[in-house]
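Structure first, then comments.
Coordinate-derived values only; no laboratory data. Everything numeric in this text was worked out from a predicted model, so none of it was measured. Glycine gets a Cβ as well: all are built from the backbone with ideal geometry, and neighbour counts include every protein chain shown.
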Amino acid sequence: MENTNLNPDNKKINKEYVAKEIRVQRRLKIIKYIVIYFGLVFAAFFVLFPFFWMVLTSIKSLSEYNQEITPKFYSSAPTFDNYVTAFTAVNMLRYMLNTVIYAVITTMLMVVVSILASFAFARLEFRGKNLVFTLFLAMMMIPNELVIITNYQTAVNLGLRNTYIGLILPSVLSVFYIYLLRQNFMQVPDSMYYAARVDGCSDFKYLYKILIPLSKPTIVTMIILKLIECWNSYVWPRLVTTKEEFYLVSNGIQMIKAEGFGRDNIPAMMAAVVAVSLPLIIIFIIFRKQIMSGVAKTGTKG
């Protein structure tokens, strides 16, 4: 009986079939990548277009902007006078300095409080620990508006309006960051903690020498996100400050509308928004890897 598998014609047909399948798979793979990258470019366009339009508007003169019947995607005579106007109409540099002071001090205190609280909930044993942590998590379900009302009443009663203390204190505690860091601390094996205790290592030394270095990506992520949160803060600073020397950049934008060049000078307003947004964009671009690493590490239970 003749073995058809050894037939040269069959071998030739099999090779042609395999080659055809390889070509088909290669074409499907190329089409897949084209669809994926086209979708990503399409999504990126919608995400980045507002920023592009904001920057484009900021370099147009007021006359050019008002003469446009239909919006143009270019400027015939780019100018940076709008940025000069944005910083001279109101004391924008002062607002930025206030925001930097508020953001840096608030973030530093938040990190210290979150680290100590997270370590207590993750490693220390005390009566009612689970109940207290459950109550902490329940606070996340309370609307911020209710918390702002009680904080405002407390600040008024203590005479903390128009002070840095009144600005900073309500923003120091963050239940979410305590929870985030606690989960990160709990990923460190218990055996490492017990071994350190046997070697005579105190709780504080174990926290400083072992847990904090191991949790560095998460802590860096917390710092960056808190800085961005403080920079964008508006409602609480608007409530607790009535004097211009304590205004933040968010209040400064409103001051431009009210006392600066008004609502009609849209290019100058866009220049002010670009100046306020630029530090956040730079921070995110520089530390984007740390942010992704910290979130990914926290979300992995090991």
Task: Extension reserve of the Met186-Ser75 stretch, reckoned as 0.36 nm per residue once the Cα distance is removed - done: 34.5 nm
Open item on the list: Can you report the principal axis dimensions of the chain using only the alpha carbons, biggest first, rounded to whole angstrom?
Closed with: 104, 75, 32
- [ ] Grab the other residues whose beta carbon is less than 14 angstrom from that of Thr241, score K and R as +1, D and E as -1, and report the net.
- [x] +2
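Going down the table (Lys32/Lys289; Lys129/Lys205; Lys129/Lys226; Lys32/Lys216; Lys72/Lys243; Lys129/Lys209), which pairs top 29 Å between alpha carbons?
Lys32/Lys216; Lys72/Lys243
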Task: Förster radius 35 Å - calculated FRET efficiency between Val172 and Ile285 (Cβ-Cβ, nearest 0.05) - done: 0.80
Task: Gain in span if fully extended, Ile210 to Phe52, counting 0.36 nm per residue against the direct Cα distance - done: 52.4 nm
Open item on the list: Filter the chain for me: DSSP H helices, axial length by Cα at least 18 angstrom, mean Kyte-Doolittle hydropathy not below 0.0. List them by residue number.
Closed with: 8-58, 92-122, 144-157, 216-232, 266-298
- [ ] Measure off 7 Å from each Cα along the Cα-to-Cβ vector at Leu28 and Val104, then give the distance between these two points in nanometres to one decimal.
- [x] 5.8
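Run the helix sum for the chain: -39,500 (n - 2.57) per DSSP H stretch of 4+ residues, divided by residue count, reported at 222 nm to the nearest 500 deg cm²/dmol.
Per the formula, -24000 deg cm²/dmol.
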- [ ] Name the most mobile residue of Gln183, Gln25, Gln67, meaning the one with the largest mean-square fluctuation, in a Gaussian network model of the chain with Cα contacts below 10 Å.
- [x] Gln25
TODO: Please give the length that would be gained between Leu93 and Lys129 if that part of the chain were fully extended, namely 0.36 nm times their separation in residues minus their C-alpha to C-alpha distance (nm, one decimal).
DONE: 8.4 nm
TODO: Putting +1 on Lys and Arg Cβ atoms and -1 on Asp and Glu Cβ atoms, find which of Asn162, Leu207, Leu173 reaches farthest to the positive end of the dipole of the chain.
DONE: Leu207
Open item on the list: Quick check on region 122-258: take the gyration tensor over C-alpha atoms, sort the square-rooted eigenvalues as a ≥ b ≥ c, and tell me if it's rounded (a/c under 1.5), prolate or oblate.
Closed with: prolate
TODO: Once you've got the GNM for the chain with C-alpha springs shorter than 10 Å, pick whichever of Ser76, Ser233, Ser171 has the biggest mean-square fluctuation.
DONE: Ser76
Open item on the list: Just to be sure I understand: with springs between alpha-carbon atoms less than 10 Å apart, which residue in Phe80, Phe51, Phe126 has the highest mean-square fluctuation in the Gaussian network model of the chain?
Closed with: Phe126
- [ ] Please list the equivalent ellipsoid semi-axes of region 11-63, computed as the square roots of five times the alpha-carbon gyration tensor eigenvalues, in descending order and whole angstrom.
- [x] 50, 8, 4
- [ ] Can you bin region 1-144 into rounded, prolate or oblate? Criterion: square roots of the alpha carbon gyration tensor eigenvalues sorted a ≥ b ≥ c, rounded for a/c under 1.5, prolate for a/b above b/c, oblate for the rest.
- [x] oblate
Task: Label point 7 Å beyond Cα of Val113 along Cβ direction - residues of region 152-193 with amide nitrogen under 12 Å - done: 166-178
- [ ] Only Lys, Arg, Asp and Glu count, each charged at its Cβ (+1, +1, -1, -1), so figure out the dipole size of region 53-206 about its Cα centre, rounded to 20 debye.
- [x] 300
